[in-house]
Amino acid sequence: MTLQPARTPPRLWHRFRRHRAAIAGLAVLGLISSASVFAPAFAPYPPDAQNLELGAAAPSTEHLLGTDVLGRDLLSRLLHGGRISLAVGVCGTLVSLIIGVGYGALSGYTGGRLDDIMMRVVDVLYALPFAVLVIVLMVVFGRNLVLMFVAIGAVEWLTMARIVRGQVLAIRQEPYVKAAQVLGFSHARILFLHVLPNVIGPVVVYTTLTVPRVILLEAFISFLGLGVQPPMSSWGLLIREGAETMDSFPWLMVFPGAELALALFALNFVGDGLRDALDPRFAGKT
Amino acid sequence: MKRFLLGRIAQTVPVLWATVTIAFVLIRLAPGGPFTDERNYTAESIQRLNAHYGLDDPVPVQYVRYLGRLLHGDLGPSFKYANRTVNEIIADTFPVSLQLGALALLFALAMGIPAGIVAALKPHSAWDNAVMTLALLGISMPSFVLGPLLVMFFSLRLGWLPASGWESWPDRVLPALTLGAVYAAYIARMSRAGMLEILPMDFVRTARAKGLGAAAVIVRHVLKPGMIPVVSFLGPATAGLVTGSFVVETLFHVPGMGSMFVVGAFNRDYSLVLGMVVFYSAVISIFNLGVDVALGAMDPRMRSHRRI
């Protein structure tokens, strides 16, 4: 009989499944993201098809969520806008993941002086008004989508770095890491094959919790008119357009706002559920 | 305590310097000068403007000059508002933002702390679940969604409160609510977590055992250590209030520093944006310092333990 260490996934899924709110969040999230990813197939109209004669019309059977001032179908625009918002959410999180894990692992694994200095830098960066600097960046370099991924990712990596560093610092003391060192494995091999796989739990949890923050930041910048520019659209931009005309056409504000809030709500629930499942000590604590 | 305080003050200096430098470099990296996209300027007048504002000097010279002026508290002239200095603009708009921020924070504390305490007293009760779900909803609801919804309901539908402006007290209600709601939610979560940490401790049991009433135990023994997470959250919360003010002030047409910053960003008024970034970081640093002093007073262990 081979010794199969019962890895956590089955139990993890079992515990996660008991968290009903998290399951509901996962379902909502699946719905929103698949509808957005396959927007060209699902959307009843092209997102930029205008119908000036119709103008802003309230929700009806033809246009389920109504139309905007130019007669564009809101549902189609929401689905297509969701692609941008989700893409920014995923890419921005990826950037923050790479920077945060790399920085934290290096700091924790090296330890000593370098660790001290690197963590001091993180402390200093924590105190900076970063959202303000993202705005400055958007102003200076024009409203460029790729730049936005990078700017947002560059802002959101700090907590990840701290978490990873703390974990790596603890794992470095484990006997199996010492054994690997004694066997003469290279640092890269030890770090990537022996240390990092054991940090995955907290990293996954924090990554799930970073996605809503990134989406929120994009929506915030786009709402101020400094992010995604028309004719492209994102949830934040649609909310901005809706807020301008909400006294006459409230649906243009309510639906985009509701979808954004729903997506964030679902993501937060999934993150909380994952955290509880991975670390039962936290269950129901915050 | 004095040494702790001096140490903390010494640490804010590099933070401020880093912010000024990053912001300065970013803005100087900008393609084209601040006057290039103005159609009504001739090449000659642009040159004159650049000379007037010292923009034709090498960047390091400009940087040193900026730092030198900054030491005297001078943020320089605005590039887009002729004859106005950044200092004047901040002096005009900051008091409004300060009032808005204070009202929002007050609302957040007044809502969040009692809700969190009550939730912690009976964990996993219906009340606790309701508060925590509401808090998660509050965290997920961005101010730029909540604000318009509040306006739609309280101004357009019911007509109770004005939808914009900053003259009378009723004008201040919706902006403060919109700005404070997220923090009320966070504070509720944190005060609940803080209380849950302290409630099972031995000294609480002792206090109960000596016959102290339930309310007196909470007020006299649990509240102070239980509120430490809330106090330490106030540092990041101010930074959040600053960014929140951009949205809320723009939304409600509040003549504060937040809406001014957004307008400055649109106009590419580099000196105004730079000056405001510097000012914001100074405000946030001072507030963080205050928070750390308060934490040191609440928990003597913090004074020696905190390394930063």
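The values are calculated or read from the model by the stated rules, or taken from the named source; none is laboratory data. These figures come from a predicted structure and were not determined experimentally. Cβ atoms come from the backbone with ideal geometry, glycine included; neighbour counts cover every protein chain shown.
Take the conditions (1) within 11 Å of another protein chain (Cβ to nearest Cβ); (2) modelled with pLDDT under 75; (3) assigned to a helix (DSSP H, G or I); B:Val13 misses just one of them, which is (2). The one condition from (1) touching a Phe, Trp or Tyr at 6+ places or on another chain (Cβ under 8 Å); (2) buried (at least 21 other Cβ atoms within 10 Å of the Cβ); (3) among the aliphatic types (A, V, I, L, M); (4) touching a residue at least 24 places away in the same chain (Cβ under 8 Å) that A:Ile163 does not meet is (2). What do you reckon, is B:Gly101 within 14 Å of chain A (Cβ to nearest Cβ), under 23 Å from B:Gly264 (Cα atoms) and touching a helix residue (DSSP H, G or I) at 6+ places or on another chain (Cβ under 6 Å)? Criteria met by B:Gly101. Select from the stretch B:71-93 the residues that are at pLDDT 85 or above and crowded, with 18+ Cβ neighbours inside 10 Å and write down the one among them that is nearest to B:Val273 (Cα to Cα). Taking the candidates together, the pick is B:Val86. Note on the stretch B:280-308: residues that are modelled with pLDDT under 70, facing another protein chain (nearest Cβ under 9 Å) and either over 27 Å from B:Leu223 (Cβ atoms) or crowded, with 17+ Cβ neighbours inside 10 Å (or both) amount to 1. In the stretch B:122-140, the residue that is farthest from A:Thr208 (Cα to Cα) out of those that are under 23 Å from the mean Cα position of the chain (by Cα), at the interface with chain A (Cβ under 7 Å from one of its Cβ atoms) and not hydroxyl-bearing (Ser, Thr, Tyr) is B:Leu137. A count restricted to the stretch A:33-72 and to residues that are modelled with pLDDT of 80 or more and over 20 Å from A:Phe223 (Cα atoms) stands at 5.
Okay, residues lined up against (1) crowded, with 17+ Cβ neighbours inside 10 Å; (2) within 12 Å of another protein chain (Cβ to nearest Cβ):
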position: B:Thr206; (1), (2): no, no
position: B:Ala216; (1), (2): no, no
position: B:Val219; (1), (2): no, no
position: B:Val230; (1), (2): yes, no
position: B:Val247; (1), (2): yes, yes
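Filter the stretch B:150-191 for residues that are in a loop (DSSP other than H, G, I, E, B) and of a type in the set (S, T, N, Q); which is surrounded by the fewest Cβ atoms within 10 Å (Cβ to Cβ)? Per the criteria, the residue is B:Ser168. Among the conditions (1) away from chain A (no Cβ under 14 Å); (2) at pLDDT below 85, the only one that B:Pro200 does not satisfy is (1).
I want to confirm something. Restricting to the stretch A:129-160 and keeping residues that are outside any helix (DSSP H, G or I) and free of Cβ contacts under 8 Å to residues at least 12 places away in the same chain, which single residue is nearest to B:Gly275 (Cα to Cα)?
Quick first cut of the stretch A:129-160, residues outside any helix (DSSP H, G or I) only: A:129, A:141-144, A:157.
Retained after the next criterion (residues that are free of Cβ contacts under 8 Å to residues at least 12 places away in the same chain): A:129, A:141-142, A:144.
Numbers: A:Pro129: 13, A:Phe141: 19, A:Gly142: 20, A:Asn144: 24 Å.
This residue is A:Pro129.
Among the residues of the stretch B:258-273, which ones are under 13 Å from B:Ile89 (Cα atoms) and part of a helix (DSSP H, G or I)?
B:Gly258, B:Ser259, B:Met260, B:Phe261, B:Val263, B:Gly264, B:Ser271, B:Leu272, B:Val273
Of A:Leu106, A:Leu78, all but one fail to be modelled with pLDDT of 75 or more and closer than 28 Å to A:Arg165 by Cβ; the exception is A:Leu106.
For residues that are of a type outside the set (A, V, I, L, M), assigned to a helix (DSSP H, G or I) and surrounded by fewer than 19 Cβ atoms within 10 Å (Cβ to Cβ), tally how many sit in the stretch B:192-204. Lay out the reasoning, then the answer.
The first filter runs over the stretch B:192-204 and keeps only residues of a type outside the set (A, V, I, L, M), leaving B:192, B:194, B:197, B:200, B:202-203.
From what is left, the residues that are assigned to a helix (DSSP H, G or I) are B:192, B:194, B:197, B:202-203.
Among the residues that remain, those that are also surrounded by fewer than 19 Cβ atoms within 10 Å (Cβ to Cβ) are: B:197, B:202-203.
Qualifying residue count for the region: 3.
Look at the stretch B:23-35: where a residue is within 25 Å of B:Ala282 (Cα to Cα) and within 8 Å of chain A (Cβ to nearest Cβ) and a partner is at pLDDT 75 or above and in a loop (DSSP other than H, G, I, E, B), sitting 6+ places away or on another chain with Cβ atoms under 9 Å, you get B:Ala30/B:Arg268. Scanning the stretch A:104-117 for residues that are without any contact (Cβ under 8 Å) to a residue 40 or more places away in the chain and more than 10 Å from chain B (Cβ to nearest Cβ) yields A:Leu106, A:Thr110, A:Gly112, A:Arg113, A:Leu114, A:Ile117. Within the stretch A:43-74, being free of Cβ contacts under 8 Å to residues at least 60 places away in the same chain, under 21 Å from A:Asp247 (Cβ atoms) and assigned to a loop (DSSP other than H, G, I, E, B) holds for A:Leu54, A:Gly55, A:Ala57, A:Ser60, A:His63, A:Leu70, A:Gly71, A:Arg72. Do we have B:Ala265 as small (Gly, Ala, Ser) and out of contact with any helix residue (DSSP H, G or I) (no Cβ under 6 Å at 6 or more places or on another chain) here? Answer is no for this residue. In the set (1) assigned to a helix (DSSP H, G or I); (2) within 26 Å of B:Thr238 (Cβ to Cβ), B:Asp74 fails one condition alone, (1).
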